[in-house]
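Comments concern the structure below.
The values are calculated or read from the model by the stated rules, or taken from the named source; none is laboratory data. These numbers come from a predicted model, not from an experiment. Methodologically, a virtual Cβ is constructed for each residue, glycine included, from the backbone with ideal geometry; neighbour enumeration extends over all protein chains shown. Quick note on the areas: whole protein, heavy atoms, side chains included, nothing else; ligands and nucleic acids left out. Shrake-Rupley method; radii C 1.70, N 1.55, O 1.52, S 1.80 Å.
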Amino acid sequence: MKKIIIAIDGYSSCGKSTLARQLANQLNYHYVDTGAMYRAVTLYLFQNQIDVHHPEMVSEALPQIDISFGFDEATQTQITLLNGENIENEIRINPRVASAVSDVSSISEVRRFLVKQQQTLGQNKGIVMDGRDIGTVVFPQAELKLFITAEPKIRAQRRLDELQEKGQNTTFEEVLANLEKRDHLDTTRADSPLLKAEDAIEIDNSYLSREEQLNQVLQLVNGLQMGGN
Ligand code: DC
């Protein structure tokens with residue numbers, strides 16, 4: 001069967017990575033979480049006291065940053081590595097990372113640095129990649145582009161549940177405010193703003209179960225994998 005590239009874009013916390021992971025498992029494809037890459041860069045900058053508001057200093061640091069993905073046998077999940085160290089948990093729960101990552105991801109040098117790596121990861125196809133600019137910038141030629149949305153309050157509740165599961169003490173209002181701020185920054189930044197590609201299929205999953213959403217997308221993928229070329 002023909003291997004394809006599946007590009008998934010959408011707002012923060014609307015279940016893109018859950019869908020991407022499910023698809024990669026079902027199809028035996030690689031999964032690349034590009035948000036984790038932007039979060040890893042942000043964490044590196046904090047760890048090395050580099051001011052995220054100084055793009056020149058950030059650019060100088062980039063060659064020292066090596067991001068890779070591994071597999072944790074204990075939790076049976078994919079993990080993100082920064083210079084060989086497992087930072088998966090840290091990039092998800094550290095509130096400083098959540099609040100600075102939009103600033104870091106608006107720096108063009110950071111985007112160029114990561115987009116190049118993302119394109120290399122997808123060159124053999126058989127990949128599911130999620131982010132904000134995958135269908136528009138990273139893989140404009142992707143065979144399947146999805147644009148995922150959900151109502152902000154529903155997204156905030158999902159994110160709150162996730163954080164509480166990880167032992168983080170926060171409130172619905174705080175989570176919603178962070179999410180709305182990130183939506184605003186992600187859609188208004190000058191370089192590669194979050195945008196629905198013209199040929200992307202939009203899915204609002206506010207009232208869809210994970211299984212319903214997965215089945216809808218698998219039908220689309222099956223059609224494409226059977227197709228010519
Ligand atoms: O998907 P996420 O919430 O983990 O992404 C973290 C941040 O990274 C988000 O605020 C926007 C940014 N991002 C981006 O600009 N481009 C991508 N391809 C992925 C994420």
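Side notes on the structure shown:
- Theoretical FRET efficiency, 1/(1+(r/R0)^6), r = Cβ-Cβ of residue 211 and residue 85, R0 41 Å, to 0.05: 0.70
- Projecting the Cα positions of 78, 62, 42 onto the charge dipole of segment 9-89 (unit charges on Cβ atoms of Lys, Arg, Asp and Glu, taken about the Cα centre) puts 78 furthest along the positive direction.
- The Cα atoms of segment 60-120 cover 37, 29, 19 Å along the three principal axes, with the biggest extent listed first.
- Residue with peak Gaussian network fluctuation, the chain [Cα springs, cutoff 10 Å], from 172, 139, 147: 172
- Of all DSSP beta bridges confined to the chain, the antiparallel ones make up roughly 30%.
- The chain: most fluctuating residue of 170, 80, 149 per GNM, C-alpha cutoff 10 Å: 170
- Residue-by-residue Karplus 3J(HN,Hα) for segment 172-185, coefficients 6.51, -1.76, 1.60, Hz, glycine and proline x: 4, 5, 5, 5, 4, 5, 5, 5, 5, 5, 5, 4, 5, 5
- Scaling against 2.2 N^0.38 Å puts the C-alpha radius of gyration of the chain at 0.98.
- In this structure, residue 222 and residue 198 have a Cβ-Cβ separation that, at R0 = 25 Å, corresponds to a calculated FRET efficiency of about 0.60.
- ³J(HN,Hα) computed for each position of segment 89-94 - Karplus, 6.51 cos²θ - 1.76 cosθ + 1.60, integer Hz, glycine/proline x: 5, 4, 6, 8, 10, 6
- The chain: most fluctuating residue of 97, 217, 41 per GNM, C-alpha cutoff 10 Å: 217
- Segment 117-197: mean projected area of Cα convex hull, nm²: 6.7 nm²
- Taking all protein chains as they are arranged and a probe of 1.4 Å, the heavy atoms of residue 68 leave approximately 40 Å² accessible to solvent.
- Lysine pair count for the chain [Cα-Cα under 22 Å; pairs on different chains or 8 or more apart]: 23
- Estimated FRET transfer efficiency (residue 69, residue 109; beta-carbon r; R0 22 Å; 0.05): 0.50
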